[in-house]
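Enquirer: Okay, handing you the structure first.
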Amino acid sequence: MKKSRVKLEIIEPVGMRVLICKDEERRTTKGGIHLPDEAKIPVISGRIVAISLQIENDPDYPLKQYDKVIVNPSNAIPVDFERDNKLFVIPVEDVVAVVRQKAPEDE
């Protein structure tokens, strides 16, 4: 019996880019207001899946894998890798914020 090998595809961003997995779009605000389908917010949030080596070795960019980020999607390149297409390659200059948890201060 011959074993079949499954090839895995890995996406590795190059240059000054990161790969993010976009968060689910919210259709309801915290106050309970339902947003119409036409309501598009010009920024998206997601988690960093992969970082290019150039960014990883650059101390000016404090980005790490699994960081939650807010990005300007104007230059986002969708990766047609998954059916629901939640992966995007983003230039690092379009990462506008990193969301971090602040540790509670000792009282």
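Enquirer: Consider only pairs whose beta carbons are under 9 Å apart and that are at least six residues apart or on different chains; among these, list those whose first residue lies in the stretch 8-32 and is under 19 Å from Leu53 (Cβ atoms) and whose second residue is of a type in the set (D, E, K, R) and modelled with pLDDT under 90.
Expert: Leu19/Glu12; Ile20/Lys86
Enquirer: For the subset of the stretch 4-57 comprising residues that are among the aliphatic types (A, V, I, L, M) and more than 23 Å from Asp80 (Cα to Cα), which member is modelled with the lowest pLDDT?
Expert: Ala39
Residue by residue, here is whether (1) outside any helix (DSSP H, G or I); (2) in contact (Cβ under 8 Å) with a residue 12 or more places away in the chain holds:
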position	(1), (2)
Gly46	yes, yes
Val49	yes, yes
Ile55	no, yes
Asp60	yes, no
Leu63	yes, yes
Val69	yes, yes
Val89	yes, yes
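The values are calculated or read from the model by the stated rules, or taken from the named source; none is laboratory data. Nothing here was measured: the structure is a model prediction, and the numbers come from that model. Virtual Cβ from ideal backbone geometry, glycine too; neighbours counted across all protein chains shown.
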